[in-house]
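The values are calculated or read from the model by the stated rules, or taken from the named source; none is laboratory data. No experiment lies behind these values; they were computed from the predicted model shown. Note that each Cβ is placed from the backbone with ideal geometry, even for glycine, and that neighbours are counted across all protein chains shown. The accessibility values were calculated without ligands, DNA or RNA, using every heavy atom of the protein model including side chains. Shrake-Rupley method; radii C 1.70, N 1.55, O 1.52, S 1.80 Å.
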Amino acid sequence: MSSILAILPHIDLAGKVESLTSFLTTAWSPLFDGIQTVGNGMNDALTGFLQAVPPAVFVVVFVLFAYWINRKRKSFGLAVFTFIGLWFIYNQGLWPAFIDTLSLIIISSLLSIVLGVPIGIIMSKNDTAQAIIKPILDFMQTMPAFVYLIPAVAFFGIGVVPGIFASIIFALPPTVRFTNLGIRQVPKELTEAADSYGSTEWQKLVKLDLPIARPTIMAGINQTVMLSLSMVVIASMIGAPGLGRDVLSALQRAQVGNGFVAGLGIVILAIIIDRLAQRLNKNIKN
Amino acid sequence: MSVKIKVENLTKVFGKKVKQALELSNQNKEKDEIVRKTKATVAVNNVNFSINEGEIFVIMGLSGSGKSTLVRLLNRLIEPTAGSIYLDNMDVSKLSKNDLREVRRTKMSMVFQGFALFPHRTVLQNTEYGLEVRGVAPDERTKIAENALDRSGLLAYKNQYPHQLSGGMQQRVGLARALANDPEILLMDESFSALDPLIRGDMQDELMDLQEQMKKTIIFITHDLNEALKIGDRIAIMKDGKVVQIGTGEEILTNPANEYVRRFVEGVDRTKILNVEHIMSKPRAIINVDKAGLHLAMNRMVTSDFPFLILTNSHHEFLGYITDRDTALAIKKKGANANYKDIVKTDMHIVALDTPIPKIYRYLLSKGNLPVVVMDNNAIRGVIMRRNVIELLSSVAQEEISEVV
Ligand SMILES: Nc1ncnc2c1ncn2[C@@H]1O[C@H](COP(=O)(O)OP(=O)(O)O)[C@@H](O)[C@H]1O
Ligand SMILES: [Mg+2]
């Protein structure tokens, strides 16, 4: 039996991928260097700004915002949670790491949205594009996230930028998928109405598709933000700073307590972002 | 009378094996069989007709006969497989994308079965839509749209969202949206089919009034022969993608082109096939006891010359009826204390929407001049008076006479 399976010689896929990666690394190195410079610049600017805000002011702004978006429901739960959560992070000396993580998430989420929504739109308008992109998305999501770290380092070295790169690959798919889904779910009669009144493709997109699909797209974006948050520990393995690095170093030194505290910081951030995003989306919907 | 739209050999086949499917269709094979053999559906097969300017042209047929496809071929929401559509001698089927868009923006507007209002836009913003995509300045398009809404009595609702309106009102918005464009042609695909019978009747009347004033060319799709006969100047009957007869309502009733049309038309001249839903009228002698007392009721009966009033509440439930005599006596006896309870009677006949008409003959005969109440889901939907049935019977009699002649 094994002789049948061995009819073809061993295919050196690993070697092929390796040589492709090293080819890209050298051939496209100006591009990667450019991206790295721009990425570092963006991250430094954002981190610098967020670090410059006094933590107390930061906390007050977030708590007020959490209160403000819940003002109609007269509920203080989220505001109280935000206060206690952020205070805890400060109290545990995690503030600088928290800011680094926040900045990483903001940048990778924004880039995911900027890339993902247009890709989703193209997919929704073109069945061929959908047939091609869908399996790529499946691949991106099922491939273990660690694997992305290797080309990320090859292209961008160590630091924040490869972390952002790996996060985007991991976190992009929901935004693309949900944008595609939301637009495809626009009722046919509405599309016909827009067409029958002589809308251009662009007018149809802006005046009908995106407004109708918005709740669905927002749900996708919310997932994207959560996924990029879940990448912070993995991204720290290639030198991205933040709460992830604290978790990682606790892991390496088997410090249960420190690991727990830093992990809790990530959970708090996740809950605050998730609840704020959901509430915001609901407010817009009404 | 000038020809506005001329359709020549218009054909639409959904699927790949077009030739084979058309061949089978021309051998009068059933649609299911064609689909089984070729996986293609012949939705519209070699249709020819001309529509005159200012005419209401009704396209009628059973579900699946190709009506929606045909009307969408006219503005090319569906691309024809073969054939031509001439609009004032311009071949719409050959227009470029840009020219087609221009035609859609200025010459043809469509009204849909499910209203197709944009849920995220207000009534006014919906009405403005056509003008907006055309690039009309905001102030001007608001003015035009408000005018269109005003004509349908909807101006007060301009800042509401579609879901806040009833079905009938939504479709009035749909119509206002189409008219705001001031198109030459209105395409209406089963536009009233989703409305309940009384509202539908009102909308039909409004459409005919509008036609009197504005002289649009209207292509109206329906599966309801009664609706076709009521509003159509001419009617085209479709079967399996083909037009089997075109003519005025009178011609189709008296001279059906074939057995299929004959069977179709039998529905109208047999009272047995009609339900009470088709002939009921809106109750006028009716009063809401939650809102009006007995003295007001007496006043209504005297001023409107009703010998009785049907009593209902705010949920449109049937509570009974009162006669003018009983009311007068009660007021005389008890003055301000007179109450509905003392004199309400409940022996009126109540029937469901789908009751065949012959079933109610004896109710109408037995109860003096009282109407029969038509109820659905515990709500009053209409009443049938003797005159409703007499009108129907006399129209049947006329048709039978003209058939003999
Ligand atoms: N997009 C489509 N793809 C395939 N078949 C279709 C499509 N649209 C309509 N059909 C078929 O064409 C036939 C005519 O449909 P339609 O024009 O909607 O009929 P009607 O409006 O008279 O009910 C039906 O058999 C329907 O299944
Ligand atoms: Mg239809």
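Confirm whether A:ILE105 is of a type in the set (Val, Ile, Thr), within 13 Å of the chain's Cα centre (by Cα) and open to solvent by less than 60 Å² (accessible area, probe 1.4 Å). Taking the combined requirement at face value, the residue satisfies it. Candidates in the range B:320-373 are the residues that are hydroxyl-bearing (Ser, Thr, Tyr) and touching a Phe, Trp or Tyr at 6+ places or on another chain (Cβ under 7 Å); of these, the one that is least open to solvent (accessible area, probe 1.4 Å) is B:TYR321.
Residue by residue, here is whether (1) open to solvent by 40 Å² or more (accessible area, probe 1.4 Å); (2) under 19 Å from the mean Cα position of the chain (by Cα) holds:
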| residue | (1), (2) |
| --- | --- |
| A:ILE121 | no, yes |
| A:ILE136 | yes, yes |
| A:ALA171 | no, yes |
| A:LEU210 | yes, no |
| A:GLY220 | no, yes |
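For residues that are in a strand (DSSP E or B) and either in contact with a helix residue (DSSP H, G or I) (Cβ under 8 Å, 6 or more places away or on another chain) or within 14 Å of another protein chain (Cβ to nearest Cβ) (or both), scanning just the range B:48-69, find the one that is farthest from ligand 2 (Cβ to nearest atom). Filtering first and then ranking leaves B:ILE56.
Quick one: is B:ASN45 among the polar types (S, T, N, Q), buried (at least 21 other Cβ atoms within 10 Å of the Cβ), within 14 Å of another protein chain (Cβ to nearest Cβ) and within 16 Å of ligand 1 (Cβ to nearest atom)? So B:ASN45 fails the test. Residues in the range B:64-80 that are among the polar types (S, T, N, Q), near ligand 1 (Cβ under 7 Å from one of its atoms) and over 20 Å from B:GLY249 (Cα atoms): B:SER68, B:THR69.
Only residues that are closer than 12 Å to B:LYS67 by Cβ and modelled with pLDDT under 90 were counted in the range B:185-203, giving 0. Would you please name the residue that is nearest to A:GLY163 (Cα to Cα), looking only at residues in the range A:72-102 that are without any contact (Cβ under 8 Å) to a residue 12 or more places away in the chain and open to solvent by less than 70 Å² (accessible area, probe 1.4 Å)? Step by step, filter the range A:72-102, then rank; the result is A:GLY93.
If the condition is being more than 26 Å from B:MET1 (Cα to Cα) and either within 16 Å of ligand 1 (Cβ to nearest atom) or outside any helix (DSSP H, G or I) (or both), then the range B:183-203 contributes B:GLU190, B:SER191, B:PHE192, B:SER193, B:ALA194, B:LEU195, B:ASP196. Tell me which residues, restricted to the range B:9-26, are open to solvent by 60 Å² or more (accessible area, probe 1.4 Å) and under 20 Å from B:GLY61 (Cα atoms). Listed by number, the residues that qualify are B:ASN9, B:PHE14, B:ASN26.
Against the criterion of being in contact with a strand residue (DSSP E or B) (Cβ under 6 Å, 6 or more places away or on another chain) and either within 16 Å of ligand 1 (Cβ to nearest atom) or part of a helix (DSSP H, G or I) (or both), B:LEU175 qualifies. Within the range A:49-71, the set of residues being under 24 Å from A:ALA277 (Cα atoms), free of Cβ contacts under 8 Å to residues at least 40 places away in the same chain and in a helix (DSSP H, G or I) comprises A:PHE49, A:ALA56, A:VAL57, A:PHE58, A:VAL59, A:VAL60, A:VAL61, A:VAL63, A:LEU64, A:TYR67, A:TRP68, A:ARG71. Screening B:GLN113, B:GLN160 for residues that are touching a residue at least 60 places away in the same chain (Cβ under 8 Å) and out of contact with any Lys or Arg (no Cβ under 8 Å at 6 or more places or on another chain) leaves exactly one candidate, B:GLN113. Could you list, in sequence order, the residues of the range B:111-140 that are in contact with a Pro (Cβ under 9 Å, 6 or more places away or on another chain) and either assigned to a loop (DSSP other than H, G, I, E, B) or facing another protein chain (nearest Cβ under 9 Å) (or both)? Of everything in the range B:111-140, those that are in contact with a Pro (Cβ under 9 Å, 6 or more places away or on another chain) and either assigned to a loop (DSSP other than H, G, I, E, B) or facing another protein chain (nearest Cβ under 9 Å) (or both) turn out to be B:GLY114, B:PHE115, B:ALA116, B:LEU117, B:PHE118, B:PRO119, B:HIS120, B:ARG121, B:THR122, B:GLY130, B:GLU132. Residues in the range B:188-216 that are within 16 Å of ligand 2 (Cβ to nearest atom) and more than 14 Å from every other protein chain (Cβ to nearest Cβ): B:PHE192, B:LEU195.
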